Amino acid sequence: MRHIIELKDGWQFTNLDGQTSEVSIPHTWNAIDGQDGGDDYKRGTCTYTLALQKPEFDPDTQEVWIEFDGVNASAQVSLNGQDVCSHDGGYSTFRANLTGLLADENELVVKADNSKNDRVYPQMADFTFYGGIYRMVRLLVVNKAHFALDYLGSSGIRVTATPEGAGAKVRVQSRVTTGDVTVTLIDRKGRVVGTGTGLDTTIEMAKARRWHGVEDPYLYTARCEVTVDGSVTDRLEIPFGVRSFRVDEKHGFILNDEPYDLHGVSRHQDRKGIGNAITREMHDEDMALIREIGATTLRLAHYQHDQYFYDLCDQYGMVVWAEIPYISEHLPNGRENTISQMKELIHQNYNHPSIMFWGLSNEILIGGICQELVDNHHDLQKLVRELDPTRLTTIAHVSNTPVDGPMHHITDVESYNHYFGWYGGKMEQNGPWLDKFHAEHPDICIGISEYGTEGIINWHSNDPQCKDYTEEYQALYHEHLAQVFEDRPWVWATHCWNMFDFGCAARNEGGVAGRNNKGLMTIDRKTKKDSYFVYQAYWSKQPMVHIAGRRHAQRAGETTEIKVYSNQDTVVLYVNGKEAAQQTAHRVFKFNVALEEGFNTILAVAGDVKDSITLEKVEKEPDCYTLPEFNERQEGVANWFKQVGSLDLKAPMEFPEGYY
């Protein structure tokens, strides 16, 4: 059977300056400079060296493999001076067989390279490309008769569960080095519900409980065993779910033949001062926060995420959009890398029932259009259909992608990244744009893959305006967008950009360096912005109430607006212990109240839930509430989309008046 040895501690790390220090895995060398806003974070080749003792194993019957969960962006691995393997792509698993190279004492060397180049994605994007061995490394001691470890980083097992009436047919395909395969299907209570044998076996289940999103994420387990002469030599347990899904142009997403609203967030994986070298406990915290807000879907952007997080999505019922980092520009020398990253994404994640959409690219027209770019999307679409006909493909269009251009009708469904009301235009344009597109292209299932504004918890205003970076404007924008989407059930999915603030070394705006501040929470996961509670009010089924503006704690004027978010029908507001008003509304409640001099206690009660804050009435609100740059210059926001290249392929990219 398998023996797993994590290689976490004792690594000697040599940086670009030739300095060596001891580190533990996961590790990145850009945890600080990748978030400082200087746009000069260190990119190049750094070296990790480990003194590795040969594990105990029988060379006659066993092998030793090394497994990397993620090295960004390219890796070269050697053992005792001999090349072991290389890998291009910073977000997927890869392995190599070390058996014939092992001595009693060994030197394992990994060269990790996040240099700029023209062949490995991503190269241009609005996030930091943290270099390092930022996910776990382990040794696998396995019997020579085992499930294949050398097939694109996959488990060597492919489980396809197809609903059949009240039951299901479960096809299990295996790749093994040698030996026979036995499959046992087990339910959540440990009961055997089906068995089969062979490299390609289909097992019928008379009754099969459906995996039904956050409402009932029911998982079965396929226990797969390699046997030789009746003895088990390798065993893997693969969780799987039984579900059907489709997208309808008129009714949106359908799960198990029932309409199922896909509303959720996008997620980047990094953290403040840590970069992408995060722990399982951090993954757990992210999932808990996403569940708490009431999301039903996740767009895991803009690359393959950790297997552990996909497991969490399976367990908690998130419907997932998974994608490769084919982003912002087409690299002529990078076509093969898009193919290899897509193959790895699908083969490594095929068994996750949460994943229902494969994303081909994101905002790819920022760098301009060419026929090769269009052709590559057709090639990727064909590849995905061949590798996985059970799921749908999608794409995230940059906002001003021509609505009648050649990028449409490639993927099964489509989405747009729209920022009307931030980079340009008004928030009120979002609804009319969707209605017009839906009316003119009724055959295209349309979603919104990104939308949002910066919201920085230091800045506040009684009169929030576009581009002022205040927490209040971000909340006002999301109040509007949440209702826009609720009113349009034919939008197949919406993914707010972003669940968390994230690192972007090129950014220095809003008084914050090195960060994209569009998150509903801060990058350290310590502060939920008011906009977080907008969506909790719209999405969560758990009774909640939240008083907005608690960081806007000093208020001037005869009266002030108290805004409350709740998923209850009625809210009662108390000021200093006295009932001030009662209101019935939908999700957003607004009260105009007069504060007393000094400190005031505000209490909101909605059914059995309550929330309170303290506000101080002052003569003049502090200057520190307003971003100095906003008053001095009144200029626009740093606009990522100013980099858009030429698009004169059949349909030129247009910039509608007032949008950009």
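The values are calculated or read from the model by the stated rules, or taken from the named source; none is laboratory data. Just so it is clear, the structure is predicted and the values come from calculations on it, not from any experiment. Cβ: placed from backbone, ideal geometry, glycine included. Neighbour counts: every protein chain shown. The area values use the complete protein model at the heavy-atom level, side chains included, leaving out ligands, DNA and RNA. Shrake-Rupley method; radii C 1.70, N 1.55, O 1.52, S 1.80 Å.
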Sole residue being farther than 30 Å from GLN269 by Cβ and either at pLDDT 95 or above or among the β-branched types (Val, Ile, Thr) (or both), chosen from LYS526, LYS590, LYS518: LYS590
Scope segment 412-441; condition more than 24 Å from the chain's Cα centre (by Cα), of a type outside the set (D, E, K, R) and over 24 Å from TRP358 (Cβ atoms); matching residues: GLY424, GLY425, MET427, GLN429, GLY431, PRO432, TRP433, ALA439
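Quick one: would you say ARG188 is under 26 Å from LEU262 (Cβ atoms), among the charged types (D, E, K, R) and either surrounded by 17 or more Cβ atoms within 10 Å (Cβ to Cβ) or touching a residue at least 60 places away in the same chain (Cβ under 8 Å) (or both)?
So ARG188 does not fit the description; no.
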Any strands (runs of 3 or more DSSP E) falling wholly within segment 67-167 and containing at least 3 residues that are closer than 21 Å to LEU331 by Cα and in contact with a helix residue (DSSP H, G or I) (Cβ under 8 Å, 6 or more places away or on another chain): none
Count of segment 176-208 residues which are in a loop (DSSP other than H, G, I, E, B), in contact with an Asp or Glu (Cβ under 9 Å, 6 or more places away or on another chain) and either of a type outside the set (Ser, Thr, Tyr) or closer than 19 Å to HIS352 by Cα (or both): 4
Residue identified as within 27 Å of the chain's Cα centre (by Cα) and at pLDDT below 95 among GLU237, GLU215, GLU249: GLU249
Residues of segment 442-467 that turn out to be of a type in the set (Val, Ile, Thr) and touching a Gly at 6+ places or on another chain (Cβ under 9 Å), as a count: 2
Scan of segment 564-584 for residues that are in contact with a Phe, Trp or Tyr (Cβ under 7 Å, 6 or more places away or on another chain) and open to solvent by less than 40 Å² (accessible area, probe 1.4 Å), ordered by number: VAL564, TYR565, SER566, VAL571, LEU573, ALA581
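Can you list the strands (runs of 3 or more DSSP E) lying wholly within segment 1-59 that have 3 or more residues being open to solvent by less than 30 Å² (accessible area, probe 1.4 Å)?
45-53
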Test set (1) open to solvent by 10 Å² or more (accessible area, probe 1.4 Å); (2) closer than 30 Å to ASP443 by Cβ; (3) part of a loop (DSSP other than H, G, I, E, B) - ALA277 fails condition number: (2)
Residue match in segment 32-45 (condition: within 23 Å of ASN117 (Cα to Cα), among the charged types (D, E, K, R) and at pLDDT below 95): yes
Scan of segment 604-627 for residues that are surrounded by fewer than 18 Cβ atoms within 10 Å (Cβ to Cβ) and over 24 Å from GLY511 (Cβ atoms), ordered by number: GLY607, ASP608, VAL609, LYS610, SER612, THR614, LYS617, GLU619
Yes/no for LYS541 being surrounded by fewer than 22 Cβ atoms within 10 Å (Cβ to Cβ), outside any strand (DSSP E or B) and without any contact (Cβ under 8 Å) to a residue 24 or more places away in the chain: no
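Residues are listed down the side, and each one gets a yes or a no for (1) modelled with pLDDT under 95; (2) open to solvent by 30 Å² or more (accessible area, probe 1.4 Å); (3) of a type in the set (A, V, I, L, M, F, W, C); (4) farther than 23 Å from TRP539 by Cβ:
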residue	(1), (2), (3), (4)
ARG391	no, no, no, yes
TYR416	no, no, no, no
GLY431	no, no, no, no
PHE437	no, no, yes, yes
THR453	no, no, no, no
ASN462	no, yes, no, yes
ASN498	no, no, no, no
Conditions (1) small (Gly, Ala, Ser); (2) open to solvent by 10 Å² or more (accessible area, probe 1.4 Å); (3) within 17 Å of the chain's Cα centre (by Cα): number failed by GLY367: (3)
Where a residue in segment 257-271 is open to solvent by 10 Å² or more (accessible area, probe 1.4 Å) and its partner, wherever it lies, is of a type in the set (Lys, Arg) and not in a strand (DSSP E or B), with Cβ under 6 Å and at least six apart: none
Count of segment 307-327 residues which are assigned to a strand (DSSP E or B) and within 10 Å of the chain's Cα centre (by Cα): 4
Qualifying residue in segment 293-306 (condition: buried (at least 20 other Cβ atoms within 10 Å of the Cβ) and assigned to a helix (DSSP H, G or I)): yes
